[in-house]
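Below you will find the structure I want to go over with you.
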Amino acid sequence: MAVLELSNISKHFGAIQAVNDVSLSIEPGEVVGLMGDNGAGKSTLVKMIAGNFRPSEGTMKMDGAELILHKPVEARRHGIEIVHQDLALCNNLTAAANVFLGRELRRGFGPFAVLDYATMYRRAGELFKELKSETRPRDLVKKMSGGQRQAVAIARTRLSNAKIVLMDEPTAAISVRQVAEVLSLIHRLRDQGIAVVLISHRMPDVFSVADRVIVLRRGRKVADKKIASSSPEEVTGLITGAIEQV
Amino acid sequence: MAISTLDQTIGQKQQSWLSGVLGSQTFWVFIAVVAACIFLSFATDAFATSKNLYNITRNVTFVAIIALGMTLVIITGGIDLSVGSVLCLCSMVLGVTMHAGYGIEVGIAASIATALIIGAFNGVLIAYLGFPPFVVTLGMLSVARSLAMVASNNTVVFQFGPDHDLLLSLGGGAWFFGIANPVLYMIVLALITGFVLRWTRFGRYVYAIGGNEHAATLTGVPVKPIKVAVYMISALSAGIAGIIQTGWLGAITTNLGAGLELQVIAAAVIGGANLAGGIGTATGALIGAALIEIIRNSLGLLGINAFWQGTFIGSAIILAVLFERIRNFRQSE
């Protein structure tokens, strides 16, 4: 059964039709590349799944049950985790503090509960190990490389039982070596049965990790096909409009 | 083998405890304070006397207590310019209430309520309506002092009704081993602030908001309520300092605490708080306040014209931040 299913989703802002009648479904453990030019509706679509916007029309289903989100926090509660394009990290805090931001572990009870540093460091260390990333829980994020910062942002998604992880341009601003690191992090998520939606401009990234590619143009879905049966040339054509629809 | 190196890397600490201390601005300012004390004990006869030390420790407290609240505001990336006026208004509310014949409990309750209302007003405008903190608190600086004048009709209040003596001993006494009462209040408040910043979720969120407010919002941190709370805490600290100072001085004028906000901000910044947000400690606030007071005290004892005071305090601010800059340059190289 599909973990996430969108049926006939539309979103308009006043007279502007940002997303128009898009349907798609995502299976557990599947990596889907979501592509499209600027203004194609990728961000709007993702923001609806993330709970930032409510669709104007259409329905979303999670594990077969209807999904209505009012706030981003609710998306998280349903097992939808987002890795934001800017990663949403606090430079002045440690890696562990960032991983647990908003979900701090505490010990003691009631008003006497204090932050449980030891457990948070240990858990964060385990998550980094699981992601095979050389990231130290006690380091300040300020001093980290782009790949390590990605690892911190991705480790966050592993705190809860995420079913689907949306990654917004995770490879846009990092070096080539770090891109490889991030792509292998995506593989790790997939291996654990988590569905990943990869929003990206970079054709090679999508073709190296995704199982399927969905292309949006001017708010409409113009392609939804297996990576194996497509090609970068075809996808480029679909993004630009040289190829109308497949 | 590869797994064990990964384990080792992850388990490694970035820096030892010692290098962490040596790298902090607060530590170096502390060294400066200690060095100045040692120098002054040898250079003057008057410095290391119990009377002078009693004076210094007591004088430090008013700036230090407010600097604790200010540090929280600064960590979130804000600023509170209204503290000097809020101190005056809270003193005046206390004075006028007690002068009217109410007990000290009523006076203190009214005074603290005033502080919290002002803090909440500042905080709501800043957090929910998106006003710049500088503008809101600058406005409040003017409003609060004016209200203090209205409340007292711009007279000096020096009779505090039935609990007059209790109020004076509360602020001017030394109930515990000859340590001035205000110093005890300062220590207790500093311990509470330090604990909250390091060990509570609230403290963690205060740092997170200063580090990256947008990220804090996205990760579900209740940014707006916390911002309101820090401005309430800042005003509360000014209110508490006002109550203590009233007891110590025994009289309230409407120019009480004028210009104090700049001293408080200076103390916080000298102690390592970063006006850009995200960095600051309770210890730093105390040490910064101590350095300012020692500069003031020593100039008098060394017979240097008091007009030089501003130059020395100003230089201390710039020097303290200069160290921070040098450290950043080294790191970025």
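All of the numbers you see were taken from the coordinates with simple rules; none came from a lab. The structure displayed is predicted, hence computed values, not measured ones. With ideal geometry, Cβ positions are generated from the backbone for all residues, glycine too; neighbour counts draw on all protein chains shown.
Suppose a student asked you for the relative contact order of chain B, using Cα pairs under 8 Å spaced at least 6 residues apart; what percent would you report?
Over chain B, the number comes to 32 percent.
How far, in degrees from 0 to 90, does helix B:201-211 lean away from the longest principal axis of the Cα atoms of chain B, to the nearest 10?
So the inclination is approximately 70 degrees.
A follow-up question, please. Sort A:Ser133, B:Ser91 so that the residue with the fewest other Cβ atoms within 10 Å of its own Cβ comes first and the one with the most comes last.
A:Ser133, B:Ser91
When DSSP beta bridges are limited to those with both residues in the protein assembly as shown, what percentage is antiparallel, rounded to the nearest 5?
60
Over what distance in Å are the Cα centres of segment B:205-268 and segment B:281-318 separated?
So the two Cα centres are separated by 22 Å.
By the scheme Lys and Arg +1, Asp and Glu -1, what is the net charge of all other residues having a beta-carbon under 14 Å from that of A:Arg202?
-3
Quick one: Karplus J couplings for segment B:42-49, per residue in order, coefficients 6.51, -1.76, 1.60, θ = phi - 60°, nearest Hz, x for Gly and Pro?
Once θ is set to phi - 60°, the couplings for segment B:42-49 become 7, 6, 10, 7, 7, 5, 7, 8 Hz.
Hey, rough spin-label estimate for A:Phe13 and B:Thr9, points 7 angstrom out along Cα→Cβ, what's it come to in nanometres?
4.1
Could I ask something else about it? Excluding residues on the same chain fewer than 8 positions from A:Lys225, give the lysines whose Cα lies under 20 Å from its Cα.
A:Lys42
Shielding of A:135-142 by partners, i.e. mean partner chain Cβ atoms within 10 Å per residue?
4
Averaged across A:103-109, how many Cβ atoms of other chains sit within 10 Å of each residue's Cβ atom?
What the average comes to for A:103-109 is 2.
Right, something else. Once you list every other residue whose beta carbon is under 12 Å from the beta carbon of A:Ser230, what net charge do they have if Lys and Arg are +1 and Asp and Glu are -1?
Summing Lys and Arg as +1 and Asp and Glu as -1 gives -1.
Shape call for segment B:49-332 from the C-alpha gyration tensor, a ≥ b ≥ c root eigenvalues: rounded (a/c under 1.5), prolate (a/b greater than b/c) or oblate?
Oblate.
So, one more: Add -39500 (n - 2.57) for each DSSP H run of 4 or more in the protein assembly as shown, then divide by its residues: what number comes out at 222 nm, to the nearest 500 deg cm²/dmol?
Mean residue ellipticity, 222 nm, calculated: -18000 deg cm²/dmol.
Mind checking A:90-102 for the average number of partner chain beta-carbons within 10 Å of each residue's beta-carbon?
6
Continuing with this model, one more query. Could you go through segment A:5-13 in sequence order and give the Karplus-derived ³J(HN,Hα) for each residue, using 6.51 cos²θ - 1.76 cosθ + 1.60 with θ = phi - 60°, rounded to whole Hz, and x for Gly and Pro?
9, 10, 10, 6, 7, 10, 9, 10, 10
For the Cα atoms of chain B, what angle does the longest principal axis make with the long axis of helix B:309-332, in degrees from 0 to 90, nearest 10?
With rounding to tens, the tilt is 20 degrees.
Add +1 for every Lys or Arg and -1 for every Asp or Glu among the other residues with Cβ under 13 Å from the Cβ of A:His187, and state the total.
Neighbour charge sum, excluding A:His187 itself: -3.
By per-residue mean of other Cβ atoms within 10 Å, what is the highest-first order of A:9-21, B:304-316?
Peptide ranking by packing, descending: A:9-21, B:304-316.
Let me ask you something else. So for chain A: antiparallel DSSP bridges make up what percent, rounded to the nearest 5?
Counting DSSP beta bridges with both partners in chain A, the antiparallel share is about 55 percent.
Among the GluC sites (Glu not before Pro) within segment A:150-246, which fall in a DSSP loop and have no more than 14 other Cβ atoms within 10 Å of their own Cβ?
A:Glu244
Taking the Cα centre of chain A as origin, sum charge times position over the Cβ atoms of Lys and Arg (+1) and Asp and Glu (-1), and report the length of that vector in debye to the nearest 20.
840
Moving on. Report, ordered by chain and residue number, the lysines lying within cross-link reach of A:Lys71, taken as a straight Cα distance under 17 Å and ignoring same-chain residues fewer than 8 apart.
A:Lys11, A:Lys47, A:Lys61, B:Lys224
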